[in-house]
Amino acid sequence: MNGQLSHQMLAEPAKRAARVVARARLDNVRDAYARFGSDDARALHDLRVGLRRLRSWLRAFRPELDDTVRGKTRRRLRDLTHATNAARDIEVWSAWIETQSRLPARARPGLRYVTRWLYADAESQRRKANKRIRSRLPALLDSLEREVSTYTAPVPAEDGAMMETTMADAMAELIQRHHRRFARRIDRVHAAGDVGAIHRCRIAAKRLRYLLEALEEFPSAKDAAASLAEMQDAFGDVRDLRLFLHRIVERVGVVAMLEARRRAARSLAIGANDAPSPALSRVRPGMLVLAKAARKEADAAFETFRAAWDDARLASLSRNIETLTSELRTV
């Protein structure tokens, strides 16, 4: 099973089909974990994506899975899914900084400082995430596999009693519900500075896409998923750069605090226990140049998104969803 829902599987009870797909996504996580820590540069990325897809599926089909999947298991999966977020953000920021080579001479000390600071932070976050994943993920996957391997099914006491919901009907209802949530959230995004609204809209798009990815036999599902993936990328650029902008502002404050504390300690002839840090006047120009560049690119990425996702594009997505759900109702 590759995690795809065939027409035959869509006609089966939702409780069974949801577990079959969950186990396929669980196998994808196991495969990524087997490569984790090797020389495979994509292993951590694949593991992150696999965990998100698995968690999103379990979340969407909670009513069908809750008779065997424990709340404790869900919480442990959530914590491990979030464990690599900080390291991932820093990796993205570091890659973006590498593109900022044409900076004025006065900005270069700040650029070198930010590069060193992010490298040290990334190493620390990576060590924490790797340790947590290695110590907790294998047992979690074993527990989850046991929990999705069985389920309880109603047995009609009389002829003509209501049968179980099919996977096709469950998927149609879920896709409609997730699409409505996405539509509400995209209406609340008005500017590049709406980081919270952008993040919530991006999450809604991602959860809808993860459902659609299980329906590759349906062209309307493939088209809708491709559009949502494009939107996620655009929103991701805006969010990543805006978060970097805020981190730079916070770091300028940290450097200023450390410098003020050192000066106070010297004036009082006492030692300061802080780690060495550069003079604020030396690194602040470059840090602010980076922050301004990040803001400019975030604003440009948002304008590109807004131009691409006009009313016509959203209406096209809605038509694809309507076509898909109609097809599912006839399976």
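The values are calculated or read from the model by the stated rules, or taken from the named source; none is laboratory data. Predicted model only: the values in this text are computed from it and were never measured. All Cβ positions, glycine included, derive from the backbone under ideal geometry; neighbour counts span all protein chains shown.
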> Does R180 satisfy the criteria of being of a type outside the set (V, I, T) and surrounded by fewer than 20 Cβ atoms within 10 Å (Cβ to Cβ)?
Replying inline: yes
> Mind checking which residues of segment 81-107 are more than 24 Å from A43 (Cα to Cα) and surrounded by 15 or more Cβ atoms within 10 Å (Cβ to Cβ)?
Replying inline: Q100, L103, A107
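Taking A60 as the residue in question, decide whether it is touching a residue at least 40 places away in the same chain (Cβ under 8 Å) and out of contact with any Asp or Glu (no Cβ under 9 Å at 6 or more places or on another chain). Don't jump to the end; show me each part of the working.
On the way: touching a residue at least 40 places away in the same chain (Cβ under 8 Å): yes; out of contact with any Asp or Glu (no Cβ under 9 Å at 6 or more places or on another chain): yes.
Yes; evaluated as a whole, the condition is true for this residue.
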>> With the requirement that a residue be touching a residue at least 12 places away in the same chain (Cβ under 8 Å) and surrounded by fewer than 16 Cβ atoms within 10 Å (Cβ to Cβ), what does segment 185-229 give you?
In response: R188, A191, G193, E216, E217, A229
> Scanning segment 132-153 for residues that are of a type outside the set (V, I, T) and assigned to a loop (DSSP other than H, G, I, E, B), which turns out modelled with the highest pLDDT?
Replying inline: S149
>> If I go through segment 221-252 residue by residue, how many of them are under 11 Å from R209 (Cα atoms) and either among the small types (G, A, S) or in contact with a helix residue (DSSP H, G or I) (Cβ under 6 Å, 6 or more places away or on another chain) (or both)?
In response: 10
> Of the residues R48, R112, R108, R78, which single one is modelled with pLDDT of 90 or more and within 29 Å of L328 (Cβ to Cβ)?
Replying inline: R78
>> Exactly one condition in (1) surrounded by 22 or more Cβ atoms within 10 Å (Cβ to Cβ); (2) outside any helix (DSSP H, G or I) is false for G3; which is it?
In response: (1)
> Among the residues of segment 300-319, is any charged (D, E, K, R), more than 23 Å from I203 (Cβ to Cβ) and in a helix (DSSP H, G or I)?
Replying inline: yes
> Cβ-Cβ below 6 Å, separation at least six or inter-chain, first residue in segment 307-322 and surrounded by 10 or more Cβ atoms within 10 Å (Cβ to Cβ), second among the polar types (S, T, N, Q): which pairs?
Replying inline: L317/S227; N320/S220
> For segment 154-182, what are the residues that are among the aliphatic types (A, V, I, L, M) and modelled with pLDDT under 95?
Replying inline: V155, A157, A161, M162, M163
> What are the residue pairs meeting all of these: first residue in segment 1-25, first residue closer than 16 Å to L51 by Cα and touching a residue at least 60 places away in the same chain (Cβ under 8 Å), second residue among the polar types (S, T, N, Q) and not in a helix (DSSP H, G or I), Cβ atoms under 9 Å, and 6 or more apart or on different chains?
Replying inline: R19/T68; R19/S149; R19/T150; V21/Q4; R23/S149
> Across segment 80-111, what is the number of residues that are in a helix (DSSP H, G or I) and either under 16 Å from E123 (Cβ atoms) or free of Cβ contacts under 8 Å to residues at least 24 places away in the same chain (or both)?
Replying inline: 15
